[in-house]
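The values are calculated or read from the model by the stated rules, or taken from the named source; none is laboratory data. Every value quoted in this text rests on a predicted model; they were computed, and no experiment measured them. Neighbour counts run over all protein chains shown; Cβ positions are idealised from the backbone, glycine included. Calculation scope for accessible area: heavy atoms of the full protein, side chains included, ligands and nucleic acids excluded. Shrake-Rupley method; radii C 1.70, N 1.55, O 1.52, S 1.80 Å.
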Amino acid sequence: MTKFHLGVNLGHDRSAALVVDGEVVVAIQQERLDRYKHSVGFPAQSGADPTHMELPLEAINYCMDSVGIGWDAIASVVANMPGKDYGADILRRKLPKAQHEKILTMPSHHLAHAYTAFWPSGFERALVLVADASGSTDADNLTESYSLYEGSGTRLDLIHAEKVQAHLAQLSTLGFIYEYIARKAGFVTELKGGVCVPESGKLMGLAPYGGPQPQWRQWIQTQADSYSLKIPAYDIFLEVAALEKLYDDGAGKAYLRPYMVDLAFKVQDELERALLHIVQLARKAHGFTHVCLAGGVALNSVANYLLLREAQLEDIFTYPAAGDAGIAAGCALWAYATEERGTRRAVMTRADLGRRYPCETVADALTHYADTLCVEELSDEDVVSRTAEALAKGHIVARVDGRCEFGPRALGHRSILADPNFDKMRDIINARVKFREPFRPFAPVIPEERVNEVFEQEVASPFMLLISPIREQYRAQIPSVTHHDGTG
């Protein structure tokens, strides 16, 4: 009998995922269905009380409908959130009593991330590094900052768990330091109920425009032969406050102020150095040649490439939904491995985990816009030809193809395409289509077999989670995907 394991993320970016026989067969973020960015799920009357978090019911139903099952077919259901985990309690309150015996409790937030990183990687043995803003908070009021596991076969064994005092977590974890500067730069999305979510990816794009300031203190201090980092929370707060008092005139966009650009460079540089120290130490102690990454920090594609290169790794795998949306998949994979005692590890080669829509559904959707759209039906070959012609003329093409991706990167399934040979194309898309900051870069698309020809990169990056230097001779040829520091 087929066993379906349902995983649910109840942190920001609520999501649901189904695992069957060691494989995530469908996964979706709630925001794609309710159209609320990040879809944190706090009822209006509860403020930001995590005990009253709503289940992402649309995402759950989407997953079950996609494979044609009901609740009776679910073998287990696991929900998790960072901080104090009320996932199991919320499930018991929201689900019928007949489903309560299926509810399991995820041991830790970081373990759920670790399952997403290792289980589908295809690596037989690897270091698994989980780093985010906030993991689980234990009975001693300590919160996970980053964790190291050894993945081997179907086992995940903890090597090191770095924890901080919960009341200091917002200034003393790797993820929160990065988010703190992102907030200072004005990179936040305002949500209902006064909640705002930092957009840390923007800070990664801003960092190359800044530079080092030798008189500034080092925030993240490594220790020889130790996985632990020294992060003086109050010193960071005081230094940023002093810089604001000296240089912040409040005029214009915060990210345009020179000191803020240099802060972006600083926090990116220190994050890279800290992660590299941890990985090199583990590589030396345990002989790892492969690394798996998850947690929000793993979405830092610049740092990921630095680890691959500087730690001299053979390969690296980062889960495409590395942030908290991926927790749903991690919970379900953990249930498969521990409750079902399954051993199959399906290798992840594609991240299109949404539902596939039949042609009839697409046609029906288009009828609602018959007055504003001109629709033609073309063969696959004609679609490719017409798209190429349009791109070559400087047009912008919106592409919808197959199932939607899981995670924040478009990956060709829901994408905006343009010709990078045009010098101003990046500026045009940022200004007219994306309506976002002019410095934000766009990702290049290239056949896998030609990656090393154009990039200083030996391995593929199918999920847009490595940012590497573009070879010098190509930078002028593809200016709209060549970032300020020569990477893409």
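Points to keep in mind about this one:
- Asp249 being of a type in the set (Asp, Glu), crowded, with 18+ Cβ neighbours inside 10 Å and more than 21 Å from Ala298 (Cβ to Cβ): no
- In region 421-443, the residue that is nearest to Tyr62 (Cα to Cα) out of those that are part of a loop (DSSP other than H, G, I, E, B) and open to solvent by less than 40 Å² (accessible area, probe 1.4 Å) is Glu437.
- Among the residues of region 23-49, the one identified as crowded, with 16+ Cβ neighbours inside 10 Å and without any contact (Cβ under 8 Å) to a residue 24 or more places away in the chain is Glu31.
Every residue, every condition in (1) modelled with pLDDT of 95 or more; (2) open to solvent by less than 10 Å² (accessible area, probe 1.4 Å); (3) over 17 Å from Val130 (Cβ atoms); (4) among the hydroxyl-bearing types (Ser, Thr, Tyr), yes or no:
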{"residue": "Glu310", "(1), (2), (3), (4)": "yes, no, yes, no"}
{"residue": "Phe317", "(1), (2), (3), (4)": "yes, no, no, no"}
{"residue": "Leu333", "(1), (2), (3), (4)": "yes, yes, no, no"}
{"residue": "Arg356", "(1), (2), (3), (4)": "no, no, yes, no"}
{"residue": "Cys359", "(1), (2), (3), (4)": "no, no, yes, no"}
{"residue": "Val362", "(1), (2), (3), (4)": "no, no, yes, no"}
{"residue": "Leu366", "(1), (2), (3), (4)": "no, no, yes, no"}
{"residue": "Asp382", "(1), (2), (3), (4)": "yes, no, yes, no"}
{"residue": "Ser385", "(1), (2), (3), (4)": "yes, no, yes, yes"}
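- Considering residues of region 176-204 that are of a type in the set (Gly, Ala, Ser) and crowded, with 20+ Cβ neighbours inside 10 Å only, the residue farthest from the chain's Cα centre (by Cα): Ala185
- Look at (1) in contact (Cβ under 8 Å) with a residue 12 or more places away in the chain; (2) part of a loop (DSSP other than H, G, I, E, B); (3) more than 30 Å from Leu33 (Cα to Cα); (4) open to solvent by 30 Å² or more (accessible area, probe 1.4 Å) and you find that Gln457 fails only one, number (4).
- For region 470-482, filtering for residues that are surrounded by fewer than 18 Cβ atoms within 10 Å (Cβ to Cβ) and closer than 18 Å to Gly205 by Cα leaves 2.
- Leading residue by the ranking (modelled with the lowest pLDDT) among those in region 224-240 that are of a type outside the set (Ser, Thr, Tyr) and open to solvent by less than 60 Å² (accessible area, probe 1.4 Å): Ala233
- Matching strands (runs of 3 or more DSSP E) fully within region 216-305 where at least 3 residues are touching a Phe, Trp or Tyr at 6+ places or on another chain (Cβ under 8 Å): 290-294
- Hits in region 349-376 (condition: touching a Cys at 6+ places or on another chain (Cβ under 9 Å) and of a type in the set (Asp, Glu)): Asp352
- Of the helices (runs of 4 or more DSSP H) lying entirely inside region 325-407, those carrying at least 1 residues that are more than 27 Å from Ala59 (Cβ to Cβ) are 380-392.
- Within region 459-477, being of a type in the set (Ser, Thr, Tyr) and in contact with a strand residue (DSSP E or B) (Cβ under 6 Å, 6 or more places away or on another chain) holds for one residue alone: Ser468.
- Region 444-454, subset more than 22 Å from the chain's Cα centre (by Cα) and surrounded by 13 or more Cβ atoms within 10 Å (Cβ to Cβ), residue farthest from Glu389 (Cα to Cα): Asn452
- Strands (runs of 3 or more DSSP E) fully within region 50-161 that include at least 1 residues being surrounded by 22 or more Cβ atoms within 10 Å (Cβ to Cβ), touching a strand residue (DSSP E or B) at 6+ places or on another chain (Cβ under 9 Å) and of a type in the set (Ser, Thr, Tyr): 74-80, 142-152.
Residues checked against (1) in contact (Cβ under 8 Å) with a residue 12 or more places away in the chain; (2) within 21 Å of Leu111 (Cα to Cα); (3) not small (Gly, Ala, Ser):
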position	(1), (2), (3)
Asp249	no, no, yes
Leu263	yes, no, yes
Leu299	yes, yes, yes
Leu308	yes, no, yes
Leu313	yes, no, yes
Tyr319	yes, yes, yes
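- There is no residue in region 192-207 that is touching a residue at least 24 places away in the same chain (Cβ under 8 Å), in contact with a Leu (Cβ under 6 Å, 6 or more places away or on another chain), closer than 27 Å to Ala48 by Cα and among the β-branched types (Val, Ile, Thr).
- Within region 410-420, tally of residues that are under 19 Å from the mean Cα position of the chain (by Cα) and open to solvent by less than 50 Å² (accessible area, probe 1.4 Å): 5
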